[in-house]
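Following: one structure in structure tokens, then a few remarks.
Derivation of every value follows stated rules applied to the coordinates shown; laboratory data play no part. Since we're looking at a predicted model, the values are computed, not measured. Quick reminder, even Gly has a Cβ in these numbers, built from the backbone with ideal geometry, and neighbours come from all protein chains shown.
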Amino acid sequence: MSPTDKQQVYEAVSQRVEALIAGETDLIAIMATVACELHRAFDSFDWTGFYRVVAPGLLKIGPYQGTHGCLTIPFERGVCGAAARLRQTQVVPDVRQFPGYIACSSSSQSEIVIPVITPDGTLLAVLDIDSDRLAAFDEVDRMNLEKICAGIAAAYSGG
Ligand code: SME
């Protein structure tokens, strides 16, 4: 998929998500809707979902699409833990090269994880997307997914 085509798909997804979650402030309802819409939009997405911050330094599985994901991830572990700990998007072109990578599915080859942070700085969750293709994620993904995650946090915060 060319970067232009990818951008167009993200714009369509973002518009659908915005319409679907308008007025919704329940975080699980918002995350379930986003996971569903993103997962169906791209053939390259093999697992799409959220891990929620449920205690200091601890992530627990949230709404997702794909085969089952591990239930609990401490901030010290994996790509999800790194995104939560560093509060920064992690783009991993080859998961075998990432120290401490948690293999939930043997088909995963690359991964992107984006933190969901409220306008006042609270980390709510991370959005984790795995692909069965190497280097599936680029700057177009990062930019659009960060925008979607900012939208989730704003909707949850009532704005
Ligand atoms: N691979 C992730 C774990 C979650 S699953 O991929 C669904 C990680 O290393 O954090």
Quiz item: Which condition number in (1) part of a helix (DSSP H, G or I); (2) surrounded by 18 or more Cβ atoms within 10 Å (Cβ to Cβ); (3) in contact with a Phe, Trp or Tyr (Cβ under 8 Å, 6 or more places away or on another chain) is the one that VAL13 fails?
Solution: (3)
Practice problem: Please go through the stretch 116-126 and pick out each residue that is within 17 Å of ALA83 (Cα to Cα) and away from the ligand (no atom under 11 Å from the Cβ). | Solution: VAL116, ILE117, THR118, GLY121, THR122, LEU123, LEU124, ALA125
Quiz item: Do you know which of the residues in the stretch 127-145 that are of a type outside the set (A, V, I, L, M) and surrounded by fewer than 17 Cβ atoms within 10 Å (Cβ to Cβ) is nearest to the ligand (Cβ to nearest atom)?
Solution: ASP132
Self-check item: Qualifying residue in the stretch 20-27 (condition: within 16 Å of the ligand (Cβ to nearest atom), surrounded by fewer than 18 Cβ atoms within 10 Å (Cβ to Cβ) and not acidic (Asp, Glu))
Solution: no
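Matching residues to (1) free of Cβ contacts under 8 Å to residues at least 40 places away in the same chain; (2) within 12 Å of the ligand (Cβ to nearest atom):
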site: LEU38; (1), (2): no, no
site: GLY66; (1), (2): no, yes
site: GLN88; (1), (2): yes, no
site: ARG96; (1), (2): yes, yes
site: SER106; (1), (2): yes, yes
site: ILE114; (1), (2): yes, no
Practice problem: Could you grab me the full set of residues in the stretch 40-61 that are closer than 21 Å to GLU11 by Cα, within 15 Å of the ligand (Cβ to nearest atom) and assigned to a loop (DSSP other than H, G, I, E, B)? | Solution: SER44
